[in-house]
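Trainee: Below you will find the structure I want to go over with you.
The values are calculated or read from the model by the stated rules, or taken from the named source; none is laboratory data. These figures come from a predicted structure and were not determined experimentally. We place every Cβ from the backbone using ideal geometry, glycine too, and count neighbours over all the protein chains shown. Ligands, DNA and RNA are excluded from the accessible area calculation, which covers all protein heavy atoms including side chains. Shrake-Rupley method; radii C 1.70, N 1.55, O 1.52, S 1.80 Å.
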Amino acid sequence: MLSPFELISLLLVLTAAFGWMNTRLIGLPDTVGLLAMGLAASVLLLVADLLFPDTPLYESLTGIIRQVDFQRTVLDGMLAFLLFAGALHVDISALRDRAWVVGCMATLGVLISTLIVGFGFWFLAGLAGVALPLTWAFVFGALISPTDPVAVLSTLKAVRVPQSLELDMTGESLFNDGVGIVAFTIAMAFAVGAGEEAAGLGEVVELLLHEAAGGMLLGLAAGYAAYAAMKQIDNYPIEVLISLALVTGTYAVAARLGMSGPLAMVVAGLLIGNRAPGHAISDLTKRYLFGFWTLVDEILNAILFLLIGLEVLVLRSETLLGWLPVAAVLLVLAARFVSVALSVSAMARWKRFVRGTIPVLTWGGLRGGISVALALSIPEVAEKSTILAATYTVVVFTILVQGLSLRPLVGRTVR
């Protein structure tokens, strides 16, 4: 067993070493390169274990990876910092013009995709001879339907798209996680309760309002308090510290109150990023504040994507090798296309969309660590291994294949 300090040290050393190798020898985008190298290292270890089963290296390294609680590391740790850092750089005045589009895709789009994936995965599991109740299929649909803000924002740094399309992708990924987590919570209630103790319609609406609306109001109140505190001083170390306190304190309070921490972080980040410069902080503070959060974003992104690649070591290989996880990739893509097409069609009479919006939003709907973390949070039931294998396969495909091919797709379709 490694101590927490030793575990963090090992992750940082691996991230730095793989990052250097990628930059020096391979040249992939940083996050994609780290995921690919982590995945390649995991596969090599699996092959080595098959060829040399008496070697203790595989068991030792797998034991170390198991010490990393991926679910808590992502949902209760990294996510708060990554969402705040991502929202900090979004122009809210431009986003306001696309608010209805973003809202439609982040709510209607997620719900449509959840329904399509839920029914489709249940049907495919039946064809594969896997006993998967419909309620658990909807759990998979809920956790895999929202696009991942970390993966999307990381990819957009390397792909140039028109501003309106970039805002649609960014805004949707920032806000749909709150909706997705609420949908996942409701689906889990039905799955675990087998429909007997699950919440009624009124309780579902109450949960949605409490978690989603409550999270946004909490983020607004906490963000304004931090903004007011920054406005009264001119001391960049303390103002950066205030931003750190805002993120950690607000996310912790949201968890205690049962509100959406991700939505709270997005709202707080938008408020500080757009209101503080020019009103509450000096140019010097702005340079340090934004530079600090950019660096936090890059470092945590690198560690997270490496962890996604290494996570294959703790998955059951027999569930990954079946055809059901591969079919899940095609199902999720089809559901994404339908949800995007319906959302864009519903808003087309009021808002203008650039040519190629539907294929780019479909192919650019990347999934990431949040989906894996939600899958890992499922109780130890028989259905967990099937859902986890499908989730991991979809996440790796979207990041490696869709993420790397998004730029040529944009070049061919967007006008």
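Trainee: In whole Hz, what ³J(HN,Hα) sequence does the range 160-172 give by Karplus (6.51, -1.76, 1.60; θ = phi - 60°), x for Gly and Pro?
Mentor: Karplus-based 3J(HN,Hα) across the range 160-172 equals 8, 10, x, 4, 5, 5, 4, 5, 4, 5, 5, x, 4 Hz.
Trainee: Quick one: pull the percentage of alpha-carbon pairs in the chain with a separation above 41 Å.
Mentor: Working: 10550 of 85905 pairs.
That fraction is 12 percent.
Trainee: Over the Cα atoms of the range 1-109, what is the Rg over Rh ratio if Rh follows Kirkwood? Let's see the in-between values first.
Mentor: Values: Rg = 19.4 Å, Rh = 17.5 Å.
Rounded to two decimals, Rg/Rh equals 1.11.
Trainee: As I understand it, the dipole of the chain uses +1 on the Cβ of Lys and Arg and -1 on the Cβ of Asp and Glu, about the Cα centre. Which of PHE290, LEU2, LEU374 lies farthest toward its positive end?
Mentor: PHE290
Trainee: Report the Rg/Rh value for the range 163-298, based on alpha-carbon coordinates and the Kirkwood definition of Rh. Can you show the working numbers first?
Mentor: Working: Rg = 17.6 Å, Rh = 16.4 Å.
That ratio is 1.08, to two decimals.
Trainee: Build a GNM of the chain with springs between Cα atoms under 10 Å: which of PHE290, PHE337, PHE305 gets the top mean-square fluctuation?
Mentor: The residue with the greatest mean-square fluctuation here is PHE290.
Trainee: Also, I was wondering about something else. Could you give the Stokes-Einstein D for the range 79-221 in µm² per second, using the C-alpha Kirkwood radius, 37 °C, 0.692 mPa s? Walk me through the numbers on the way to the answer.
Mentor: Numbers: Rh = 16.5 Å.
The diffusion coefficient I find is 200 µm²/s.
Trainee: Along the positive direction of the dipole of the range 201-287 (beta-carbon charges: Lys, Arg +1; Asp, Glu -1; about the Cα centre), which of ALA221, ALA245, ASN235 reaches farthest?
Mentor: So the residue we want is ASN235.
Trainee: Would you work out what percent of the accessible area of the chain, with all protein chains in place, is carbon or sulfur (probe 1.4 Å)?
Mentor: Details: 12520 of 18640 Å².
The nonpolar share, carbon plus sulfur, comes to 67 percent.
Trainee: So what's the net charge close to PRO262: Lys and Arg +1, Asp and Glu -1, counting the other residues with Cβ under 12 Å from its Cβ? Can you show the working numbers first?
Mentor: Values: positive: none; negative: ASP76, ASP148, ASP177, GLU211.
Residues near PRO262 contribute -4 overall.
Trainee: Still on this model: How many nm is it between the label spots at ALA48 and ALA99, if each spot is 7 Å from the Cα in line with the beta carbon?
Mentor: My value for the distance between the label points is 5.5 nm.
Trainee: OK, next. Along the charge dipole of the chain, which of PRO359, LEU132, GLY193 sits closest to the positive end, that is, farthest toward it, with unit charges on the beta carbon of Lys, Arg, Asp and Glu (+1, +1, -1, -1)?
Mentor: The Cα lying farthest towards the positive end belongs to PRO359.
Trainee: List the extent of the Cα atoms of the range 325-415 along each of their three principal axes, largest first, rounded to whole Å.
Mentor: 47, 27, 21
Trainee: Around SER282, what is the net charge, scoring Lys/Arg as +1 and Asp/Glu as -1 over all other residues with Cβ under 12 Å from its Cβ? The partial results should precede the final answer.
Mentor: On the way: positive: LYS231, LYS286, ARG287; negative: ASP234, GLU239, ASP283.
Once all neighbours under 12 Å are counted, the net charge is 0.
Trainee: May I pose another question? Suppose every Lys and Arg Cβ carries +1 and every Asp and Glu Cβ carries -1, with no other charges. What dipole size does the chain come out with about its Cα centre, to the nearest 20 debye?
Mentor: Details: 23 positive and 28 negative charges, 321 e Å.
So the dipole magnitude of the chain works out to roughly 1540 debye.
Trainee: Can I ask one more? Kindly rank 72-84, 159-171 from highest to lowest mean number of other beta carbons found within 10 Å of each residue. Before the final figure, lay out the partial values.
Mentor: Numbers: 72-84: 21.8, 159-171: 20.1.
Those peptides, ordered most packed to least, come out 72-84, 159-171.
Trainee: Calculated FRET efficiency, PHE123 and ILE238, Cβ-Cβ r, R0 51 Å, to nearest 0.05?
Mentor: Here the calculated transfer efficiency is 0.35.
Trainee: Also, I was wondering about something else. Give me the percent relative contact order of the range 1-103, please, defined on Cα pairs under 8 angstrom at least 6 residues apart.
Mentor: 22 percent
Trainee: Something else about it: Mind grabbing the base-10 log of I(q)/I(0) for the range 259-415 at q = 0.10, 0.11 Å⁻¹? Debye formula, identical points on the C-alpha positions, no solvent, two decimal places.
Mentor: Each listed q corresponds, in turn, to -0.55, -0.66.
Trainee: Which whole-number percent is the relative contact order of the chain (Cα, under 8 Å, 6+ apart)? Mind showing how you got there, number by number?
Mentor: On the way: 571 pairs, mean separation 113.9, N = 415.
It rounds to 27 percent for the chain.
Trainee: Order TRP20, TRP323, TRP363 by their accessible area, 1.4 angstrom probe, all chains in place, largest first.
Mentor: Details: TRP20 155, TRP323 125, TRP363 65 Å².
So, going from the largest accessible area down, we get TRP20, TRP323, TRP363.
Trainee: Let me ask another. With +1 on the Cβ of every Lys and Arg and -1 on the Cβ of every Asp and Glu, and nothing else charged, how large is the dipole of the range 1-153 about its Cα centre, in debye rounded to the nearest 20? Provide the component values of the computation, followed by the final result.
Mentor: Numbers: 5 positive and 10 negative charges, 70 e Å.
It works out to roughly 340 debye.
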